[in-house]
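Taking it in order: structure first as structure tokens, then the write-up.
Since every read-out is calculated from the coordinates, none of them should be taken as a lab result. Since the structure is predicted, the reported quantities are computational estimates derived from the model, not experimental observations. Counting neighbours? That spans all protein chains shown, and the Cβs are built from the backbone with ideal geometry, glycine included.
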Amino acid sequence: MQTVAIRDLKNNPSNMTKYLENNESVFITKHSRPIGVTLPLNDDTLSIGIKNLVALEQYKNGLISLGKMAEFLEISKEEVMSLVNRLGIDWLDYDQEELEGQLNVAKKYAKR
């Protein structure tokens with residue numbers, strides 16, 4: 001997600017439109033703090049819906065967790081996993097070693 005300062009937006013709006021034309025969302029900032037977001041309107045945006053797109057963008061950028069995304073969209077975590085899978089977004093980001101470590105911890109607690 002790109003960032004454009006409101007001052008820059010006022011002086012040169014083509015900066016933001018360039019990003020939108022490249023299907024990139026844009027944070028608008030004022031004094032380095034986000035005050036808004038713009039989303040490109042394309043077939044994906046319209047078919048998924050704005051609320052879902054905002055949640056997906058925030059998830060992809062690491063701003064919210066899968067659980068928070070489910071809360072925001074008012075659906076189950078399983079439905080969120082299905083949604084991100086359909087869109088080709090990774091929701092399980094472990095390498096082999098990390099995955100084995102997580103499985104070992106789960107097995108350890110399952111024995112208790």
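Summary table below
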item	result
Rounded to 5, percent antiparallel among DSSP beta bridges of the range 2-110	55 percent
Within the chain, helix-based [θ] at 222 nm, where runs of 4 or more DSSP H residues each add -39,500 (n - 2.57), nearest 500	-16000 deg cm²/dmol
Within-15-Å neighbourhood charge of Asn12 [Cβ basis; K, R +1; D, E -1]	+1
Using a Förster distance of 41 Å, the FRET efficiency for Val105-Ile35 (Cβ separation, nearest 0.05)	0.50
